[in-house]
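Please read the structure below before turning to the comments.
The values are calculated or read from the model by the stated rules, or taken from the named source; none is laboratory data. Please read these numbers as outputs of a predicted model, since none were measured by experiment. Backbone-built Cβ (ideal geometry, glycine too); neighbour counts: all protein chains shown.
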Amino acid sequence: MAGPGGRYCLGAPLARIELQAVFTQLVTRLPTLRLADAVEELTMRRDTLTGGLAELPVRW
């Protein structure tokens, strides 16, 4: 049975480390990687609790 109060995902720190490694490798392997749309055109997801971008179009 869960107690009252906020919850925290124990895997969140690992996920952040993994994403940092992925993005570092992407920049290294694809140095011309750029956003395909203007930042103002990016949309946030509103259908999930954690949010995030709906999509991230890129070019290289």
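Only residues that are surrounded by 10 or more Cβ atoms within 10 Å (Cβ to Cβ) and either on the phi < 0 side of the Ramachandran plot or modelled with pLDDT of 95 or more (or both): list them for segment 45-54, please.
Across segment 45-54, the qualifying residues are Arg45, Leu53, Ala54.
I'd like the residue in segment 1-32 that is of a type in the set (Val, Ile, Thr) and under 19 Å from Arg59 (Cα atoms) and, out of all such residues, is modelled with the lowest pLDDT.
Val27
Can you tell me which of Thr48, Thr24, Thr43 is of a type in the set (Ser, Thr, Tyr) and touching a residue at least 12 places away in the same chain (Cβ under 8 Å)?
Thr43
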